[in-house]
Amino acid sequence: MLAALWLKLNQPIIQLVNWFAAPLQLPGIYLFVRIGEQLTRSPPVQFSLTGLVQQFRASPLQFLQQFGMTGLRGVLAWLLIAPLIAAVVYVALLPPLRRLARLRHTGQADDR
């Protein structure tokens with residue numbers, strides 16, 4: 001939000017994009033955890049909501065140790081993949097954003 005304010009981006013559009021992207025977050029976490037497990041050659045962790053709740057209730061400390069490492073594996077995968085995704089998005093969006101900037105600039109020049 002601060003970056004969007006600093007860059008003077010349209011806040012309602014930013015929030016709309018966040019709202020549409022929200023359903024991708026849980027599958028993204030699952031994907032990055034699985035990739036992280038493959039990168040570190042760790043056995044896959046079972047993800048079942050009831051199983052996770054039972055494990056947490058049985059031993060919160062052990063749960064945090066096990067799933068803390070799982071989270072770190074997901075972060076590792078994200079750190080490796082996110083720059084590639086950002087580069088692809090940048091290259092894909094640069095031409096239409098430049099076109100939009102030119103249209104906006106010519107529109108402001110016409111208003112003067």
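The values are calculated or read from the model by the stated rules, or taken from the named source; none is laboratory data. Because the structure is a prediction, the values reported are computed rather than measured. Reconstructed Cβ throughout: ideal geometry from the backbone, glycine too, with neighbour counts over all protein chains shown. Accessible surface is based on the protein model in full, side chains and every heavy atom, while ligands, DNA and RNA are left aside. Shrake-Rupley method; radii C 1.70, N 1.55, O 1.52, S 1.80 Å.
How high is the relative contact order of the chain, in percent, with contacts defined as C-alpha pairs under 8 Å that are six or more residues apart?
That works out to 26 percent.
To the nearest 500 deg cm²/dmol, what mean residue ellipticity at 222 nm is calculated for the chain from DSSP H runs of n ≥ 4 alone, each contributing -39,500 (n - 2.57), summed and divided by the residues?
Rounded to the nearest 500, it is -28500 deg cm²/dmol.
Ordering THR70, THR40 by accessible area with a probe of 1.4 Å, largest first, what comes out?
THR40, THR70
Which percent of the Cα-Cα distances in region 33-108 go past 17 Å?
Value for region 33-108 (Cα pairs over 17 Å): 63 percent.
With +1 on each Lys and Arg Cβ and -1 on each Asp and Glu Cβ, how big is the dipole of the chain about its Cα centre, in debye rounded to the nearest 20?
Value, rounded to 20: 200 debye.
Once Rh for region 32-75 is found with the Kirkwood sum over Cα pairs, what is the Stokes-Einstein diffusion coefficient at 37 °C and 0.692 mPa s, in µm²/s?
306 µm²/s
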